[in-house]
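The values are calculated or read from the model by the stated rules, or taken from the named source; none is laboratory data. Note that the structure is a prediction, hence the values are computed from the model and not measured. Backbone-built Cβ (ideal geometry, glycine too); neighbour counts: all protein chains shown. Note: areas computed on protein heavy atoms with side chains; ligands, DNA, RNA excluded. Shrake-Rupley method; radii C 1.70, N 1.55, O 1.52, S 1.80 Å.
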Amino acid sequence: PDELCVELKSYKYYLHSFRNDGIYFEAVTNKILDDLVEVLKPRYMKLTADFNTRGGISSIIEVEYAKEVEL
């Protein structure tokens, strides 16, 4: 983290809020990254979302964010 971090309990509640949404794995992963970047303003962030659904089908989605360097 740069200057801020997220409380674990708050982060878990935030993730749980997506539980009953009809949303694609890629879309929810991008939304989580966008929300975290907006709040934390990190220099770099890599998010790995490991989805386990009923029926034995799982999916791992990775997204990255890097702050643009000003010259």
Enumerate the pairs (first residue in the range 4-18 and within 16 Å of Phe51 (Cα to Cα); second residue anywhere and of a type in the set (D, E, K, R) and open to solvent by less than 60 Å² (accessible area, probe 1.4 Å)) with beta-carbon separation below 9 Å, excluding pairs fewer than 6 apart on the same chain, so at least 6 apart or on different chains. Tyr14/Asp35
Check the range 17-24 and report whether any residue there is among the hydroxyl-bearing types (Ser, Thr, Tyr) and either within 12 Å of the chain's Cα centre (by Cα) or open to solvent by less than 60 Å² (accessible area, probe 1.4 Å) (or both). no
Select from the range 1-43 the residues that are polar (S, T, N, Q) and touching a Leu at 6+ places or on another chain (Cβ under 7 Å) and list them in ascending order. Thr29
Matching residues, the range 56-71, being in a loop (DSSP other than H, G, I, E, B) and of a type in the set (Gly, Ala, Ser): Gly56
Within the range 27-65, track down each residue that is surrounded by fewer than 10 Cβ atoms within 10 Å (Cβ to Cβ) and among the hydroxyl-bearing types (Ser, Thr, Tyr). Tyr44, Thr53
The lone condition Pro42 fails out of (1) more than 10 Å from the chain's Cα centre (by Cα); (2) part of a helix (DSSP H, G or I) is (2)
